[in-house]
Ligand SMILES: Nc1ncnc2c1ncn2[C@@H]1O[C@H](COP(=O)(O)OP(=O)(O)OP(=O)(O)O)[C@@H](O)[C@H]1O
């Protein structure tokens, strides 16, 4: 068991859910490969990654419906499952919410929410009313699922999952069946409710926006492994590799070869400390960080150590995207195409000469 450093007067925080080195193989392939996570009460962690990277399999092992090949699952400091010992799913006090949640059509809204509850009739009714009030559906307590909209049904499903006060809530793409208009509101309501109930939440999603909106912590998963974990801001601003940048947004990439710890590009030199001579690197930056300047009598802005050297470009195409404009540039230097986004409306004509710079603080240098 992992040791906690104990100090007098300080009780070490015990995670509500901890998974250690979980591995699951199918036909010899590790689809979950040594995954570890710790989630505190009231914390929302998003397991974020592309389709097929092993997110649902991880969730299914925690729920107890899939058995790991190795690794351990702990809840509130107690072992729930390793390869020898196993608490059955129904005794794990874990709530589940999936995309294809199904309410029982023959049960009333109250009957659905009370389904997993124990206790006297009065106690059950009180808990059902408390939760329906929280999801703003108390007026439908005696209604039936078919009388509710998709969003309302989703909120009943949430109330049902939370009714037995699960210590942990596992959610697998729970909002993907809803239309965009409903989704944001339900996400926010769900988050408020989960926080009020002090539940530890593991939410699986392949949508970066959803993870950024919901998560206290993001665990970025790829090919069965967690490649990066941390607060959304840190995961977004300090990506570990090119694919991690590209997972969250469009990315521009310059390829260069390192010489004397420097990579020479059309935007001047980039520092590549510790990278051996002759190594190819990708210099990656997001379109919103490209700085655009107008041509001033054949010149761009002066080079600076923080912004590097400006590069001349011609506008290839500009499109209005709603809250921003996307401009594609054809670079004079080598004909490569770079993308820049600008808030609001910026639609220069095709062929307009402009100068681009990329602030060094916004660029990531990754050996290929
Ligand atoms: N029972 C199984 N037998 C064989 N392969 C499986 C089984 N379950 C999952 N896999 C494979 O394991 C990999 C991970 O699947 P998983 O459902 O965990 O991914 P995911 O990240 O949740 O994807 P999605 O977002 O598409 O649901 C996939 O390649 C899948 O085909």
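Looking only at the range 76-97, decide whether some residue is in a loop (DSSP other than H, G, I, E, B), more than 16 Å from the ligand (Cβ to nearest atom), modelled with pLDDT under 90 and surrounded by 18 or more Cβ atoms within 10 Å (Cβ to Cβ). Among the residues of the range 76-97, at least one is in a loop (DSSP other than H, G, I, E, B), more than 16 Å from the ligand (Cβ to nearest atom), modelled with pLDDT under 90 and surrounded by 18 or more Cβ atoms within 10 Å (Cβ to Cβ), which makes the answer yes.
Take the conditions more than 7 Å from the ligand (Cβ to nearest atom) and either out of contact with any helix residue (DSSP H, G or I) (no Cβ under 7 Å at 6 or more places or on another chain) or under 17 Å from residue 173 (Cβ atoms) (or both) and apply them to residue 57. Does it pass? Taking the combined requirement at face value, the residue does not satisfy it. All conditions in (1) assigned by TED's automatic domain parsing to the domain that holds residue 130; (2) touching a residue at least 12 places away in the same chain (Cβ under 8 Å); (3) surrounded by fewer than 16 Cβ atoms within 10 Å (Cβ to Cβ) hold for residue 194, with the sole exception of (3).
Of everything in the range 38-54, what is within 16 Å of the ligand (Cβ to nearest atom) and part of a loop (DSSP other than H, G, I, E, B)? Give them in sequence order. Those that are within 16 Å of the ligand (Cβ to nearest atom) and part of a loop (DSSP other than H, G, I, E, B): 49, 50, 51, 52, 53, 54.
Figure legend. Inter-residue proximity from the range 165-179: first residues closer than 15 Å to residue 41 by Cα, second residues outside any strand (DSSP E or B) and within 14 Å of the ligand (Cβ to nearest atom), beta-carbon distance below 7 Å, spacing 6+ or different chains. Indicated pairs: 170/59; 170/62; 170/63. A Cβ distance below 7 Å, combined with a sequence gap of six or more or placement on separate chains, defines the contacts here; from the range 57-73, residues that are at positive phi reach no residue that is within 10 Å of the ligand (Cβ to nearest atom) and modelled with pLDDT of 95 or more.
Step by step: first the residues of the range 289-303, then only those that are outside any loop (DSSP other than H, G, I, E, B) and in contact (Cβ under 8 Å) with a residue 60 or more places away in the chain, then the one that is surrounded by the most Cβ atoms within 10 Å (Cβ to Cβ). Which residue is that? Show your work before the answer.
Applying the first criterion (outside any loop (DSSP other than H, G, I, E, B)) to the range 289-303 yields 289, 291-294, 296, 299.
Now narrow it down to the ones that are in contact (Cβ under 8 Å) with a residue 60 or more places away in the chain: 289, 291-294.
Details: 289: 16, 291: 16, 292: 18, 293: 13, 294: 11.
Here the residue is 292.
So, residue 72, is that one under 20 Å from the mean Cα position of the chain (by Cα), more than 14 Å from the ligand (Cβ to nearest atom) and at pLDDT 95 or above or not? Here the answer is no, as residue 72 does not meet what is asked.
Can you tell me how many residues within the range 271-288 are within 27 Å of residue 301 (Cβ to Cβ), assigned to a strand (DSSP E or B) and at pLDDT 95 or above?
Step one: filter the range 271-288 for residues within 27 Å of residue 301 (Cβ to Cβ), giving 271-273, 281-288.
Cutting the leftovers down to assigned to a strand (DSSP E or B) gives us 271, 281-285.
If we keep only those that are at pLDDT 95 or above too, we end up with 281-285.
Total meeting the criteria: 5.
Of the numbered criteria (1) out of contact with any helix residue (DSSP H, G or I) (no Cβ under 8 Å at 6 or more places or on another chain); (2) assigned by TED's automatic domain parsing to the domain that holds residue 56; (3) surrounded by 19 or more Cβ atoms within 10 Å (Cβ to Cβ), the one residue 263 fails is (2).
A single member of 35, 65 is within 15 Å of the ligand (Cβ to nearest atom) and either crowded, with 22+ Cβ neighbours inside 10 Å or within 22 Å of residue 233 (Cα to Cα) (or both), and it is 35. Considering only residues that are farther than 20 Å from residue 59 by Cα and modelled with pLDDT of 95 or more, look in the range 205-235 and name the one that is surrounded by the most Cβ atoms within 10 Å (Cβ to Cβ). Ranking the qualifying residues of the range 205-235, first place goes to 235. When the range 198-212 is filtered for residues that are in contact with a helix residue (DSSP H, G or I) (Cβ under 6 Å, 6 or more places away or on another chain) and more than 16 Å from the ligand (Cβ to nearest atom), the ones remaining, listed by number, are 201, 212.
The values are calculated or read from the model by the stated rules, or taken from the named source; none is laboratory data. Computed from a predicted model, the values in this text were never measured in an experiment. Glycine gets a Cβ as well: all are built from the backbone with ideal geometry, and neighbour counts include every protein chain shown.
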